[in-house]
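So the structure is just underneath, and the comments pick up after that.
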Amino acid sequence: MPDQHTAADGRRSKAVARPATVLKLFLPSALGILIFFVPVTIAGNTTILLDHMVTGARTLLGDLSGFYALALIVAGAAYPLIKGYWNRSLTERIFSVLKIAGVAAALMAMTGWGPGFLHEPDMLPFLFERLVIPVGLIVPIGAVFLALLISYGLLELIGVLLQPIMRPVWRTPGRSAIDAVASFVGSYSIGLLITNRVYQAGQYSAREAAIIATGFSTVSATFMIIVARTLDLMSVWNLYFWLTLAITFIVTAVTVRLPPLSRMDDSKPDGEPEAVPGKRLATAWRTGLEVAERAPGLHRSVALNVREGLVMAISILPSIMSVGLLGLLLAKYTPLFEWLGWLFYPFVAIWGLEDGAALAQASAAGLAEMFLPALLMAEAEFVARFAAGVVSVSGVLFFSASIPCILSTSIPLSVARIVAVWFMRVALSLLLAVPAGYLALALSGG
């Protein structure tokens, strides 16, 4: 019997490793890497191809880009009402109201109607032109090419290779490696959906699910491009992306060892130890090929990702418009983030950064909306801009989107626990992001 199984496995491996399957694994993945990570110079502007595409789309749309963004915001406010889930919970009701407020804010931005202080250059015009329109373009366009990275076996291959380090470093099962990488290059909403399903199936403990939700489910690579564009960091995109990824995961390795995460229940029905049969590299290769073999055609993957990208765009744009505006108003006209920012100042002050106080206060504003640190630090010097860009992503948790997503899952995380984790993440991120900014400055020849 074992010999028969071995022979069957051998035949299966040979079948899976057909040249067409190998090409299906490598060609889309390589093209996805090219589009997301390889800088190309076009018309004197050096940036990644996805950024060139977004710039081209906005140029092509011209003045219509504002109407396009407005249409997405209106669709996003109507979506919960049409689907009937707007009153499913208190969180849903609050965000349904905020989305309708986002429509009003977008209309004011488009028409110039409303109080004069809302139309100052650093308020509605800045939010709508620098953030909302680019996000409305980059999420659907990025979704097209994200299919190349996430649908053809590359993530699964990487996940198997990362299994040996997940438990000792991040205290999560090996299977969470795929979840972690998918969240970082895909989206926090997809990542949280996967995490919640695995948790409900009993394959993650409460602590493991909470670690993944608060430590890995950050914004996607496409959103990072918006942060980099806002902060004028596209010239150092690869440095920014990889250093941010490293800092995000280092911070997670620390927070899992501190309360409240360290004290959460770690029992689960499915407590069997994980094992990867055979040699790890061979297993990773076989797993990647098996996923590529089962993967749908490119047109189906692209269609699915575009649909998900559009749903994501309409879901987040109204909240970004309303919560983002509220955050900008609080930052400019109240001392709230100034007071909160002083709690983070010691973590910046040790590096002697000139814009340290402003960076600490901008980082505090990230609790409301992850883009606020980038918006508030857009005119700062390079190291402060770089650090703000890192903290925007590595903070992971913010009230305009990711926190409501977590609260809508079965993962037992209260608002108090989430805010405690956010505080630790921002403090640790600042401690690492400022020297990372100096390193990026040195490596870029600045």
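Taking every DSSP helix (H) stretch of at least 4 residues in the chain, weighting each as -39,500 (n - 2.57) and dividing the sum by the residue count yields a mean residue ellipticity at 222 nm of -23000 deg cm²/dmol.
Springs between Cα atoms under 10 Å define the GNM used for the chain, and in it the highest mean-square fluctuation of ALA384, ALA331, ALA228 occurs at ALA331. Per residue, the chain exposes an accessible area of 42 Å² to a 1.4 Å probe, with every protein chain left in place. Hey, which lysines would be in cross-link range of LYS24, C-alpha to C-alpha under 29 Å, not counting anything within fewer than 8 residues on its own chain? The reachable lysines, counting only those whose Cα sits under 29 Å from LYS24, are LYS14, LYS279. Using the Karplus relation 6.51 cos²θ - 1.76 cosθ + 1.60 with θ = phi - 60°, the per-residue 3J(HN,Hα) values for segment 200-206 come to 5, 7, x, 8, 10, 6, 4 Hz, with x marking Gly and Pro. Taking the Cα atoms only, what angle lies between the long axis of helix 237-255 and the longest principal axis of the chain, rounded to 10 degrees? With rounding to tens, the tilt is 80 degrees.
In segment 84-167, a dipole from Cβ-located charges (positive for Lys and Arg, negative for Asp and Glu) runs towards its positive end, and of MET166, VAL103, LEU118 it is MET166 whose Cα lies farthest in that direction.
In the elastic network of the chain, a GNM with C-alpha springs shorter than 10 Å, the most mobile of PRO373, PRO335, PRO173 is PRO335. Take the solvent-accessible surface of the protein heavy atoms, probe 1.4 Å, and return the percent of it on segment 9-154 that carbon and sulfur atoms account for. Of all accessible area on segment 9-154, carbon and sulfur atoms account for 71 percent. Helix 133-150 and the long axis of the chain differ in direction by around 10°, with both axes built from C-alpha atoms.
Could you give the dipole magnitude of the chain about its Cα centre, charging the beta-carbon of Lys and Arg +1 and that of Asp and Glu -1, in debye to the nearest 20? Let's see the in-between values first.
Working: 30 positive and 26 negative charges, 255 e Å.
Dipole of the chain, to the nearest 20 debye: 1220 debye.
Positive contributions from Lys and Arg (+1) and negative ones from Asp and Glu (-1), summed over other residues with Cβ under 14 Å from the Cβ of TYR68, come out at -1. Amide H to amide H distances under 5 Å link VAL40 with THR47, ILE48, LEU49, where only residues 5 or more positions off or on other chains count and H is placed in the peptide plane. Bridgeable lysines around LYS83 (alpha carbons under 28 Å apart, same-chain partners fewer than 8 residues away excluded): LYS99.
The values are calculated or read from the model by the stated rules, or taken from the named source; none is laboratory data. Only a predicted model underlies this, so the values are computations on that prediction, with no experimental measurement involved. Using ideal geometry, Cβ is built from the backbone for each residue, glycine included, and neighbour counts are taken over all protein chains shown. Please note that ligands, DNA and RNA were not included when accessible areas were found on the heavy atoms of the full protein model with its side chains. Shrake-Rupley method; radii C 1.70, N 1.55, O 1.52, S 1.80 Å.
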